[in-house]
Amino acid sequence: SSTTSTRPIRTGSSRRFSIWSERVAATRARWFWIALLPVAGLFLFQGVRLARVMVTWGDESAYVHLGWLAVTGQVSLFQDELVGHRMPLPFYLVGLTQLLWGPDLLVARLASLAEGLLALVLAAVVARRLAGPLAGLLAALFLATQGVVVGYFATALYHSLTNAMLLGGLALILCVRPPWGRLSGMAVIGLLGLTRTNLIPVVPAVLGVLLV
């Protein structure tokens with residue numbers, strides 16, 4: 001009786017090709033992160049300059065002052081005397097900077113800028129996962145060259161935090177194998193409900209897309 005061999009043909013060549021492909025992928029990933037460095041530097045250069053020269057206004061002052069009072073236990077963000085809708089997470093994070101290194105508005109702004117830098121990196125990662133390294137670099141460059149966006153990220157408010165959380169959740173969903181990527185990503189996106197009331201609809205929207 002005859003037997004049919006199931007051994008792959010040219011096993012050595014296939015293994016060498018696989019090793020070569022892994023090296024090419026590693027080289028491309030290395031150059032992606034190297035090319036991202038000057039973009040991040042541009043973002044930080046603009047952000048630090050704006051954080052130093054921008055004049056503050058009522059909303060930012062309220063976040064810094066109320067955040068410090070909330071972290072030190074002097075007020076509650078939900079007491080009746082404080083009208084409006086104030087979700088706690090941004091206040092606590094801004095207040096924590098004042099407790100550790102303040103009181104100093106510039107410190108709060110630089111901490112917010114660091115969150116903005118994280119958002120920039122995550123935007124590049126998400127775009128790279130969806131459309132390749134060039135798309136990732138262009139996404140980061142587009143963000144870093146938008147002075148208004150960089151200015152918002154350099155203020156002691158919620159903008160950089162919410163963007164970093166949303167992009168971080170998307171990065172986990174797209175880049176980490178299911179089910180852990182989806183679970184961890186939804187956990188991060190779910191925290192958006194603690195930042196702004198108008199971002200609460202984002203949570204069921206993303207969950208609905210994942211369940212489809």
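The values are calculated or read from the model by the stated rules, or taken from the named source; none is laboratory data. Because the structure is a prediction, the values reported are computed rather than measured. FYI the Cβ positions are ideal-geometry reconstructions off the backbone, even for glycines, and counts take in every protein chain you see. What goes into the accessible areas is simple: the full protein's heavy atoms, side chains included, and nothing from ligands, DNA or RNA. Shrake-Rupley method; radii C 1.70, N 1.55, O 1.52, S 1.80 Å.
For the chain, the longest piece that avoids every one of the chymotrypsin sites (Phe, Trp or Tyr not before Pro) found in DSSP loops with at most 16 other C-beta atoms within 10 Å covers 79-212.
Extending 7 Å from Cα along the Cβ direction at LEU183 and again at THR72 yields two label points whose distance is 4.2 nm. Accessible-area rank, largest first, for VAL39, VAL48: VAL48, VAL39, with all protein chains present and a 1.4 angstrom probe. Which of the three applies to the range 86-184, rounded, prolate or oblate, going by the alpha-carbon gyration tensor with a ≥ b ≥ c and a/c under 1.5 meaning rounded? Since a/c reaches 1.5 but b/c is at least a/b, the shape of the range 86-184 is classed as oblate. Helix content alone sets the calculated 222 nm mean residue ellipticity of the chain: runs of n ≥ 4 DSSP H residues at -39500 (n - 2.57) each, divided across all residues, give -24500 deg cm²/dmol. Each of (1) 19.8, 65; (2) 24.7, 92; (3) 22.6, 91 is a candidate for Rg and Dmax of the Cα atoms in Å; the one calculated from this structure is (3). Across the chain, Cα pairs under 8 Å and at least six residues apart give a relative contact order of 20 percent. Taking 0.36 nm per residue of sequence separation and removing the Cα-Cα distance, the GLN79/VAL212 pair yields an extension gain of 43.8 nm.
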